[in-house]
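The values are calculated or read from the model by the stated rules, or taken from the named source; none is laboratory data. Please read all numbers here as calculations on a predicted model, not as lab measurements. Here Cβ is always computed from backbone atoms with ideal geometry, including for glycine, and neighbour counts include all displayed protein chains. Side chains are part of the model used for accessible areas, which takes the heavy atoms of the whole protein and leaves out ligands, DNA and RNA. Shrake-Rupley method; radii C 1.70, N 1.55, O 1.52, S 1.80 Å.
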Amino acid sequence: MALSELYTQYNRVWIPDPENVWQSAEILKNFSPGDKILELQREDGSELHYPLDSGSAQLPPLRNPDILVGENDLTALSYLHEPAVLHNLRVRFVESKIIYTYCGIILVAVNPYKQLPIYGDAVIHAYSGQNMGDLDPHIYAVAEEAYKQMARNNKNQSIIVSGESGAGKTVSARYTMRYFAMVSKSGSKTRVEDKVLASNPITEAIGNAKTTRNDNSSRFGKYTEISFDRRYQIIGANMRTYLLEKSRVVFQAENERNYHIFYQMCACADLPEFKALRLVSADKFHYAGMGGGIEIEGVDDRADMAETRKTFIKLGLKEDFQFDVFKVLAAILHLGNVTIKTLNPEKCSVSSSDPHLSVLCELLSINAESVCRWLCHRQIVLVAETVVKPVPKERAVNARDALAKHIYAHLFNCVIQRINTALKVPGKQHSFIGVLDIYGFETFDVNSFEQFCINYANEKLQQQFNLHVFKLEQEEYMKEDIPWTLIDFYDNQPVIDLIEAKMGVLDLLDEECLFPQGTDHNWLQKLYNYLGENPMFEKPRLSSEAFVIQHFADKVEYQCKGFLEKNRDTLYEELVDILRASKVYSNFFQEEEQIPATKGIKVRPARPGVKPASKQLRTTVGDKFRSSLYLLMETLNATTPHYVRCIKPNEEKLPFEYDSKRVVQQLRACGVLETIRISAQSYPSRWTYIEFYSRYSILMALSELGINDKKQTCRTVLQRLIPDLNQYKFGRTKIFFRAGQVAYLEKLRLDKLRGACVTIQKHVRGWSQRRKFLLMREAAITIQQYVRGKRQIRQMITAAALKQAWAAVVIQRHCRGFLVRRIYQLVLVATVTIQAFIRGWIARKRYKKLVAERKALILQKYARAWLVRRRFSAMRRLVLNVQLSYRVQQLRKKVEEQGKENRGLMERLTGLANAHAQGQERVHTLEQELSKSASEKDSLEKQEKLNKQKSEAVSNIAQLEFRSFFNSYLDRVAENNLEIHKEDLDKEIEALKEENKRLREDKIRLHTQIEEESQVKSDLQEQVTQLTKHVKVRTFNFTLDYVLSISHLLYLLAESPENNDTDGSLLSAFDGLQKATRVMEAHLREQKDHYNSQLEAKTFKMDHLQNENEQLQKLFQEKSNITDGIRIEVARLTAENMVIPELKQQISELQRLKQELEVQHQEQAIEDFEEQLDMKERLIKKLQSQIKALQAPEKASQNAAPAIPKDYLGMLEYKREDESRLIQNIIMDMKPRGVVVNMIPGLAAYLLFMCIRHADYLNDEVKLKSLMHGIIAGVKKVIMNHQEDFEVLSFWLSNTHHLLNCLKQYSGEEEFMKHNSPRQNKNCLQNFDLSEHRQIFSDLAIKIYNQFITCLEKNFTPMIVPGILEHESLQGISSMKPTGFRKRSNSVYEDMEVYTISSITEQLTGFHSTMSQHGMDPELIRQVIRQQFYLVGAVTLNSILLRKDTCSCRKGMQIRCNISYLEEWLKEQGLQGSSAMDTLKPLTQAAWLLQVNKTTDEDAMEIKDKCTELSPVQIVKILNSYTPIDDFEKRVAPSFVRKVQALLQDREGSSQLMADTEYRFQVTFPFNPSNQALELLQVPASLRLPFVTRI
């Protein structure tokens, strides 16, 4: 359809307006070709006859339908022209409060002059990884596109941020670098990204200043090159600066300031470290107070100074360097206050006593006299001589200012160089992204050399921009296989040639600067002469000191005054020499070295530059700027550019105020309208086939809808609707439309919808009217019947009839009264009867209830008594168990003490055994001597027959125990020396008496000690002691009688004469000895019997005690739940405790008796005594064997494992060397899929715990610690190796939780044993407290859970937005408005998987089934599902907040429908109690907010009351972003948004726009005891654990 055919009634157009640039008007009459006027009606209701000259060329531009207004991309508008762009920006900025808009590849950023909550870290994460155009326009989207293309195409990128002063260029560049620093964190200790961001405060302090247009205007161009390594992480940065405005150091216009750093220093003048700088208030310095306004509203210079110094430190610039910088800056301020006095018109002077001069020289360490001299004089070098010439005051002031500018410029370069050095990091640069923050096109009332250079740079950038846009358009057409036709676009090469070509403006300026007497006027005349015929150059009509250049944006008139001086940048060499002698100068102001143009990047410039004619030309400012501009263009041409155009909406810096005049000037100047014009010449509107089919299916016929191929359907429909094939083109994936065709299709669609609405309204209104008619007809018939009946009654009734009727009424009244009274009486009687029965029934019921309550009280009394007694019995058993445990501990301590005593007794027994062996040897010696005496006796019998009887007596005596005494006596008899033998016997008797006396003393002492010990023994020990005392007395008496008899015998032998009655004496002695022997034998026999009876009594008593102990053991087994091992230990220790004290007492008594018998052995020499010793020795050995038998179990318990019961104990035994194999097979090689199919859930945890139990059972601390460490390290390693494996993470999260529960359940702690079975209580850990390990396992479980959630989110997040937000569950209700946005071809992935709400529920089902199969705790599953639902709500809500196209009523319906599917899924899985739906409340309320009415005050109150989960910022954002899908929907009025804001002011909540998608609910691991019997678990053969044994 031709464009002129669209000028029909009700369509709207744009007409010029002097105030608002463009004004909207509605067409009142259809336009026909040839009409001279166009009848219009303005928005204020006034009519206008718009004149038309001829043809359609003069027709006013058409206005886009409201449905297309507010688009994210200006090129998506159907009508592309200046008023459409201006209106779209206004709607987005003023009404929707959106500051970013795309214009093709350009991001248009309008300065809001207000802080907005759209730059947080959450917003960065939301844009990270997104394609350009998926979310609303944003500076982060451009940064992400550059970063993505760098990583994908391995090509360097550039982001060009331009705009006039105050438009927000610096802030935009800062946010761009912040984005790169956030998404490419290096993780190294150098923190390069922080240093890159930290450089901004310094560069703003020394390079930004307040101007009339901007409080923080950048007065230099900056290209920051951010370097990345092969992993695309920041490794460094480099900064290049362009055209610093040095003149601002010495001159500021009214209400402007010098650079910020000067005011920051003056604000800190009172600090101690700044005392030496002699600073005062800024208004006292000439260079700082020239503009008048030294303060900026809302800016704290003192705080900014602290931030600047902090940044110096962060960049590694030392305090000495900082102080040197401040000294130089203070010196510049003092230099401006140096007073120059006029002596005569040609001469001036500076006082050497000037205080500011002295401070200047002190700070810079220079000679004051030299400064005074060369400020007022100039040295002229001639051929033959050198002349010093004074200069007038004006030139001296210029020299002073030139010196100040020179110092500041070199200081600025030095600081930038130091920053670049600090930002360099060792490492090879793989790629980079450059951020260019440069001034935009400028035009003022008075334009000078600075504006000329700025506009020259913008001409070069615009040329590069035009070529790039043209290239992208060509790529798009070639990709879609659409024939390419050459598009005519504006080429500004003639303007560039005018400026930089040979004999151009710069060339002529440099040439004039070569002449010492060159002036601005002479240079201007050369321009008129050489460039007067150039169409881009004009001479002003009313001025002879200016020239005009036709730039791409506008005509600019430049005043030639000052061009030469600024281009020369003259500085006297004598002043430079003075500075060279300064120490500060040596630190800062070295000659600048030539820096390589590009760091190894070989590029070809867009157009070869013009080489200067001589060396002198290279020193001019213009030549330097041209060279740096060439370098910049080479860099930009070698990269992929991205454009950000910053717009200043008003001059007053008011938030969200839109001045159309100022905006349209900037749009023309920044190339946005040129992009629109290029797009409009081709096919600006581009829709995919799916979008077109979804949007315009309403225009299709049934036959066309039946075609399965949607592409063919679109082709057929378009060919029918728009016959002109030149108005559109079919590409491979898109349909390309000429300007206005989409608006025409929208008009057709709207007409179709209007027709359908009219039809529906027609039928509804007809049905409503028919219904009303039928109701009215029925009411009329009823009224008619009533009226007709009344009329008939009046006609038929007479007076007699009336009387009869009245009488009938009276009779009826009395009759009816009688009947009613009779019925009343019957009812009354019945009621009383019923009440009586009911009250009786109630009384009986109440009585029965009281009886029942009484009986219940009695039952409760007995039941409560029984419960109290049972509770008391339980408490008593518990107390007995505690007492028994305490006694067992005491018995263990006593056993240990008795063991020590037993070892002492064993040592003493060993000593006695040795003594006994010595006694036996002595007896053997005595036997040998006795045999010798016998032989001698035979010889005596032969010699002396008379002494035969005596010799026999001697032989009998020799058989006694004390053979040694009689052998010596027989020897003497054999020698026939009786007298000598008699004397010897006397001596021996005396010796025996003395020894006997000593032995008795020892015996008495030992007796005393035994009595003292016996007092502390038990009753049984006291009886033994009494028996022992009895034996002692009898033994003592026997021994005494025996010794006395022997003494008497020996005395008789000694007193008898030598030769008289020898035989008689021997016989009597022999008889006495025989008597003594018989007495001793009887005594020994009696003693033996006594010992036997005593031993039997003790044995019987020990058996009795054992029987009692066994009974106690049985009772203990019945009353307590202590393990079998403890019961065995208690029985053994109890038996030992009862027996060992008695045995100790017996041993002590026997040892004492043995000592006494040894004494008797020394006094007597009879054979029966040997038998007694043998008997005692056997008894001692028997007792020793009993002691060893009792000590053997104790030693076995210390050195060996406990006794192994017959039943399985639920433990697994393995060797220490097999521990690594155990960890490898159970943990490292365990496959979750195999576990699910073949094994019970949690088997790995149970097997590991059974191994832990065995280590605890052995009381092997080293083995237990090694096993626990191996388990923890193995699980950590598995998790580290499978960080993205959902099944492995789920499996080990479940098993770690199971193992943690096992450690609690079998810990032996009462709170965890409440639900255990008796068998499970037996399996509790015995020797070690593993509470510390439980904490370690709990931390490990939390770590696995977080990694598990991260893995889920990684798999789940890509489905959320397509499935919840974009999928249309309600068929037939299209909730998306196709925008026609032209995404960059390299930003879109083809063949992307399409996700629906079914995909989400299927994924959730997969998650849930896997966790259930792995045996994960249901409470833990609910927490996981809750976390995933929170992610769904947060991600979807963030996408709504960042996507204006999703904020519509229909989209709210689709979202609520999709949420209902999720709720249904929760019900199917039985997870309603997981609180998962509560996490979706913000999303649900956002969907409700999209659907609710948004017009009245009641609606605002309802929004306030119901949207409790949304923050005020989010509510306002959704209201501002609300976008109608159809024309009959209305936008939200700004006044309504303000009402809602006012109502939400008092609400407390987060000020953040985005929901935190990284938020994690605190996980809790519930304790659920397992009913799995460990002793019944079998080890599957598939685990390959042959080295593990069940116990």
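Tabulated data
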quantity: Residue check, residue 399 modelled with pLDDT under 85 and either surrounded by fewer than 20 Cβ atoms within 10 Å (Cβ to Cβ) or in contact with a Phe, Trp or Tyr (Cβ under 8 Å, 6 or more places away or on another chain) (or both); calculated: no
quantity: All positions within region 7-23 that are over 58 Å from the mean Cα position of the chain (by Cα) and surrounded by 16 or more Cβ atoms within 10 Å (Cβ to Cβ); calculated: 7
quantity: Matching option when the condition is surrounded by fewer than 14 Cβ atoms within 10 Å (Cβ to Cβ) and within 30 Å of residue 693 (Cα to Cα), among 770, 754, 791, 749; calculated: 754
quantity: Contacts under 8 angstrom Cβ, first residue in region 1572-1588 being under 15 Å from residue 1231 (Cα atoms), partner open to solvent by 50 Å² or more (accessible area, probe 1.4 Å) and modelled with pLDDT under 80, 6 or more apart; calculated: 1580/1238; 1582/1238
quantity: Qualifying residue in region 180-191 (condition: among the basic types (Lys, Arg), at pLDDT below 80, under 23 Å from residue 140 (Cβ atoms) and outside any helix (DSSP H, G or I)); calculated: yes
quantity: Residue identified as open to solvent by 10 Å² or more (accessible area, probe 1.4 Å), more than 30 Å from residue 287 (Cβ to Cβ) and either more than 32 Å from the chain's Cα centre (by Cα) or modelled with pLDDT of 85 or more (or both) among 229, 194; calculated: 229
quantity: Verdict on residue 83 being of a type outside the set (D, E, K, R) and more than 22 Å from residue 664 (Cβ to Cβ); calculated: no
quantity: Of the criteria (1) under 24 Å from residue 5 (Cα atoms); (2) hydrophobic (A, V, I, L, M, F, W, C); (3) surrounded by fewer than 16 Cβ atoms within 10 Å (Cβ to Cβ), which one residue 705 fails; calculated: (1)
quantity: Leading residue by the ranking (nearest to residue 311 (Cα to Cα)) among those in region 199-217 that are open to solvent by less than 10 Å² (accessible area, probe 1.4 Å) and among the aliphatic types (A, V, I, L, M); calculated: 202
quantity: Unique residue being more than 30 Å from residue 404 (Cβ to Cβ), at pLDDT below 80 and surrounded by 13 or more Cβ atoms within 10 Å (Cβ to Cβ) when the list is 603, 584, 548; calculated: 603
quantity: Count of residues meeting criterion [in a loop (DSSP other than H, G, I, E, B), in contact (Cβ under 8 Å) with a residue 24 or more places away in the chain and in contact with a helix residue (DSSP H, G or I) (Cβ under 6 Å, 6 or more places away or on another chain)] in region 22-70; calculated: 5
quantity: Region 1243-1279, residues that are β-branched (Val, Ile, Thr), over 31 Å from the mean Cα position of the chain (by Cα) and either within 16 Å of residue 1302 (Cα to Cα) or surrounded by 20 or more Cβ atoms within 10 Å (Cβ to Cβ) (or both); calculated: 1252
quantity: Test for residue 470: is it open to solvent by less than 40 Å² (accessible area, probe 1.4 Å) and not in a loop (DSSP other than H, G, I, E, B); calculated: yes
quantity: The one condition in (1) open to solvent by 60 Å² or more (accessible area, probe 1.4 Å); (2) outside any helix (DSSP H, G or I); (3) without any contact (Cβ under 8 Å) to a residue 40 or more places away in the chain that residue 351 fails to fulfil; calculated: (1)
quantity: Where residue 1329 falls short, out of the listed (1) outside any helix (DSSP H, G or I); (2) loosely packed, with under 15 Cβ neighbours inside 10 Å; (3) in contact (Cβ under 8 Å) with a residue 60 or more places away in the chain; calculated: (3)
quantity: Answer from 500, 533, 512, 475 - the residue that is among the acidic types (Asp, Glu), under 27 Å from residue 668 (Cβ atoms) and open to solvent by less than 40 Å² (accessible area, probe 1.4 Å); calculated: 500
quantity: Matching option when the condition is open to solvent by 40 Å² or more (accessible area, probe 1.4 Å), more than 24 Å from residue 352 (Cβ to Cβ) and touching a strand residue (DSSP E or B) at 6+ places or on another chain (Cβ under 8 Å), among 440, 427; calculated: 427
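Residue-wise test of (1) closer than 30 Å to residue 735 by Cβ; (2) buried (at least 21 other Cβ atoms within 10 Å of the Cβ); (3) modelled with pLDDT under 90.
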{"position": "25", "(1), (2), (3)": "no, yes, no"}
{"position": "29", "(1), (2), (3)": "no, no, yes"}
{"position": "46", "(1), (2), (3)": "no, no, yes"}
{"position": "66", "(1), (2), (3)": "yes, no, yes"}
{"position": "77", "(1), (2), (3)": "yes, yes, yes"}
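Let's see how each residue does on (1) in contact with a His (Cβ under 8 Å, 6 or more places away or on another chain); (2) hydrophobic (A, V, I, L, M, F, W, C); (3) part of a loop (DSSP other than H, G, I, E, B):
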site	(1), (2), (3)
257	no, no, yes
263	no, no, no
273	no, no, no
288	no, yes, no
299	no, yes, yes
306	no, yes, no
310	no, no, no
330	no, yes, no
